[in-house]
1. Multiply the residue separation of residue A:150 and residue A:101 by 0.36 nm, subtract the distance between their alpha-carbon atoms, and state the gained length in nm to one decimal.
2. Ballpark to the nearest 100 Å², how much total accessible area do A and B bury together, probe 1.4 Å?
3. Averaged per residue, what accessible area in Å² does the range B:114-159 show with a 1.4 Å probe, protein chains only?
4. Under a Cβ-Cβ cut-off of 12 Å, what is the net charge of the residues other than residue B:83 that fall near it, where Lys and Arg count +1 and Asp and Glu count -1?
5. Let me have the relative contact order for chain A, percent, based on Cα pairs under 8 Å that are six or more residues apart.
6. Against the longest principal axis of chain A, how steep is helix A:11-62, in degrees 0 to 90 to the nearest 10, with axes from Cα atoms?
7. Using the alpha-carbon atoms, what tilt in degrees (0 to 90, nearest 10) does helix B:66-78 show relative to the longest principal axis of chain B?
8. Take the alpha carbon gyration tensor of the range B:36-114, find the square roots of its eigenvalues, order them as a ≥ b ≥ c, and report rounded if a/c is under 1.5; if not, report prolate when a/b exceeds b/c, else oblate.
Number of protein chains: 2
Amino acid sequence: MGASPADAGDPTLAADEVESLRRALEEERGRTLRALADFDTLRRRTAREAEAARREGRRAALLPLLPVLDTLERALAAGSRDRDFYEGVAATHRLFLSALREAGAEPVETVGRPFDPNVHEAIATVPANGLEPGVVAREVRRGWHLGGELLRPAQVVVTTAPETTESWR
Amino acid sequence: MGASPADAGDPTLAADEVESLRRALEEERGRTLRALADFDTLRRRTAREAEAARREGRRAALLPLLPVLDTLERALAAGSRDRDFYEGVAATHRLFLSALREAGAEPVETVGRPFDPNVHEAIATVPANGLEPGVVAREVRRGWHLGGELLRPAQVVVTTAPETTESWR
């Protein structure tokens, strides 16, 4: 409708409009590039997040099942007079352990290992008695890894350093 | 460096350049809008995919554990002379069921329900004998839902339609 400055034939106004269009185009190109870069970042994040969500799903499913295994192991530890029934339950226990492994869980190594606060929770100490100090002497509750992460720490009994006086004898 | 048509003061050339800059700006705006729309689509997809990945993780973790529960239930069904030990194992079984529910799994309804091929797997039939035909008479293996999806179908025994001759008496 209205004549643009360029149509008016005024060279100064035309140069102004060309200049402002160039700037607008420049800005718009910047916006496109940023939007494309954001898209790319999001795509990379999406792949990472899907993997994290899968792990989170496995974790949420397995965590409540660990106390079930603990209870089963306590029952087995108490023993039974009924050999056949006990054997059936022991078979269930072996199946339970292999199902957890199949689901991606791995037991935390404990007895004989140096105490590692990242995966071990010390709930008691015992004198070293010939063992190295700061070593796991006994496992009270099994710990589990899931993928590269810790699902649940192991509860352990740790050897203490010998009395300093003893090293002076 | 080189003088642009607008600088040259030629109104026709300046008008051409303004026109071509306007077109370029228009196109660039289209590109920006498309990139932003793609970003939005991807963001929505990302949220959906994270949820699917979480479900997939839960599913992968729970599936291998279902046969463990089956074995435990078979052991319990056989019974035991050792009452205390049996009770310990029965407690483990109750804990197992509630852990599965906590992990999001729900048993498939079976006995007395109309046979539903989406969640039931018929492994045998029995005469209706007073029951409706096409109804689940017995559950052989428990089925499980996870979220809104089927984790594992139930294996069931289904009642068959009465002989047609009987309805003629």
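The values are calculated or read from the model by the stated rules, or taken from the named source; none is laboratory data. Predicted model only: the values in this text are computed from it and were never measured. Here the Cβ positions follow ideal geometry from the backbone for every residue, glycine too, while neighbour counts run over all protein chains shown. Accessible surface areas use protein heavy atoms only, side chains included; no ligands, DNA or RNA. Shrake-Rupley method; radii C 1.70, N 1.55, O 1.52, S 1.80 Å.
1. Working: separation 49, 0.36 × 49 = 17.64 nm, distance 1.40 nm.
Extra length available between residue A:150 and residue A:101 comes to 16.2 nm.
2. Numbers: alone 12410 and 12470 Å², together 20050 Å².
Interface between A and B: roughly 4800 Å².
3. Working: 2430 Å² over 46 residues.
Value for the range B:114-159: 53 Å² per residue.
4. Numbers: positive: A:81, B:81; negative: A:82, B:82, B:84, B:87.
With Lys, Arg at +1 and Asp, Glu at -1, the net is -2.
5. Working: 165 pairs, mean separation 27.9, N = 169.
Relative contact order, chain A: 17 percent.
6. Roughly 10 degrees between the two axes.
7. 10 degrees
8. prolate
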